[in-house]
Amino acid sequence: MAVCLLGHMSACAAAETEWTQESYSKKLDLGGAVSVVELDIKATPAEIGPEGSATYLLYLTRQEHDGLSMLTASLEQNSSASQLEVMPLGPLGDQQDTYQYAMDVPMKEKSNVSLRIKGVFLHQASPLPKELKQGDLQLLTWDGDAQPRTPYKTASATVLINSPDPILTFKAPVTSSQLGNAVQFGPFTDLEPYTADSEPMPQGHVHFAYSKPLVSYKEYQRHVEISHWADSMATHDYIWLQNVGPRLKGSFSRSQNMINMHMNPLLEKTSQIQSIPLSLPGSAEDVYYVDATGNVSTSNLKASPKAAGAPRRLDIRPRYPVLGGWNYTFTVGWNERMSKSGIARFNPAKPWRTRIAVPFLISPKTASIESATLTISLPEGAQDIKVSLPFKVDNVHTSRHPSYLDTVGRPTISIMRAKCSFMNAMPVFVEYTLPITTYLRKPFCVTLAVLLVFAASAFVSRQINAIPQSVK
């Protein structure tokens, strides 16, 4: 109740700041499962709040809101950019097709500012047709606003839709033009603010070819185990892969697949997942990649790079082409030396204090991730744990996980987030204290256990020898 009231108050406060937008440029780079939106805005606030900032409101459509993976904003001043915090405020009034996001823009006096907003969205394009035969051309369609949806008066605006492949058709009830693989709606002049009482926004439609499969991770589970004794960080990734492109019409024919791969391989590959490129850390050792059957021997692992910090490429090649609607699950794992790869940092001013960096995930740029979970198992006895997250998450859970020769179990941190993308491949920092006594606990417990076994064995042996033998 309090959270809802606070959100309503924030929305009311944000609406009080009026802006005049000199220019509003929206560019949408369409993809299969992941699309990127960039906004370049030049605007001037009508007034500045008492805290030395003016609140800017951004409107997203219901489709954009439902598929939003990450939204960032920056203020560009004097050839430098400062990041702005973006706060969701909920739907506009009783409407469920417009959602508000607010950001406080710091400024000392009223002046023209340049805002750059970048958003990563999932599933903004959908297959059309929904089903394909083997070797057919894969086509996608996008439907959305052909005119900027903004709460402020705008002097000049354009909407640009970019496609990675040729565009077949497009239409919109506004001025539009095509240049290569791009469609521009507008330019618009003297736009009125969009409100809850405004007429529905004019909709644009773009039908285009797409030469890559639509890759989606339905589930991504990463388990990382830290060991100071072994100076190692062991990473174990479980990935549930799905092709969310057009479904296969009819049954799959291996012979037809081989013929198509020989006659027209580019067309046959457009809707099939035949390889998943992964960028492993350059210091990755003991790499393994398996599925439900066993080792995926058809895959290709590049040698460790010579350049420091360069990634090590792994191409996972499934045992069969993954067509639309099909699934494939596999596991990838590796070890890294913490002291050599810079994963761990030790603070001389704070003895036994350690800070580690754990990447949240790895993913191709074209893959959407519906649900991701990172589980970090710290060494047994770790205390005063502090977690620093690079972005907002849905849930953080702590527990204890017993492992080999543990007595009280390892502190475990589980971080969950839905609707992820390549933009979430950022490190999670964990800081903790590991006293010297914890290093001695495991060998002490093992030694004590061995001594107890010997003592019990000696006691039983003495008891057996003390029993008098019966006289025959």
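The values are calculated or read from the model by the stated rules, or taken from the named source; none is laboratory data. Keep in mind it's a predicted model, so treat the numbers as computed, not measured. All Cβ positions, glycine included, derive from the backbone under ideal geometry; neighbour counts span all protein chains shown.
Within the stretch 340-385, the set of residues being assigned to a strand (DSSP E or B) and of a type in the set (Gly, Ala, Ser) comprises 344, 357, 368, 371, 372, 377. Within the stretch 107-122, being surrounded by 13 or more Cβ atoms within 10 Å (Cβ to Cβ), modelled with pLDDT under 90 and not hydrophobic (A, V, I, L, M, F, W, C) holds for no residue.
Answer with yes or no whether residue 198 is more than 25 Å from the chain's Cα centre (by Cα), assigned to a strand (DSSP E or B) and farther than 30 Å from residue 330 by Cα. For residue 198, the condition - more than 25 Å from the chain's Cα centre (by Cα), assigned to a strand (DSSP E or B) and farther than 30 Å from residue 330 by Cα - is not met. Of all the criteria given as (1) outside the structural domain of residue 361 (by TED's automatic domain parsing); (2) within 30 Å of residue 442 (Cα to Cα), the one not satisfied by residue 167 is (2). Only a single criterion out of (1) over 20 Å from residue 161 (Cα atoms); (2) modelled with pLDDT of 95 or more; (3) surrounded by fewer than 20 Cβ atoms within 10 Å (Cβ to Cβ) is not satisfied by residue 101, namely (3). Of all the criteria given as (1) crowded, with 20+ Cβ neighbours inside 10 Å; (2) assigned to a strand (DSSP E or B), the one not satisfied by residue 90 is (1).
Annotation note: Cβ proximity below 9 Å between a residue of the stretch 300-327 that is free of Cβ contacts under 8 Å to residues at least 12 places away in the same chain and assigned by TED's automatic domain parsing to the domain that holds residue 276 and a residue that is outside any loop (DSSP other than H, G, I, E, B) and buried (at least 19 other Cβ atoms within 10 Å of the Cβ) (sequence gap 6+ or interchain) occurs for 303/312; 320/328. Mind listing just one residue for me: the one in the stretch 123-144 that is modelled with pLDDT under 95 and of a type in the set (Asp, Glu) and, of those, farthest from residue 61 (Cα to Cα)? Applying the filter and picking the extreme gives 136.
Which one is farthest from residue 35 (Cα to Cα), of the residues in the stretch 155-190 that are of a type in the set (S, T, N, Q) and touching a Ser or Thr at 6+ places or on another chain (Cβ under 8 Å)?
Going through the qualifying residues, I end up with 189.
For the stretch 315-338, the criterion of being in a helix (DSSP H, G or I) and either of a type outside the set (S, T, N, Q) or more than 30 Å from residue 134 (Cα to Cα) (or both) is met by at least one residue.
In the stretch 417-455, what count of residues is obtained for those that are part of a loop (DSSP other than H, G, I, E, B) and at pLDDT 90 or above? Give the steps one after another, and end with the answer.
Let us first name the residues in the stretch 417-455 that are part of a loop (DSSP other than H, G, I, E, B), namely 421, 425-426, 434-435.
Now restrict to residues that are at pLDDT 90 or above: 421, 425-426.
Of the residues in the stretch 417-455, 3 are part of a loop (DSSP other than H, G, I, E, B) and at pLDDT 90 or above.
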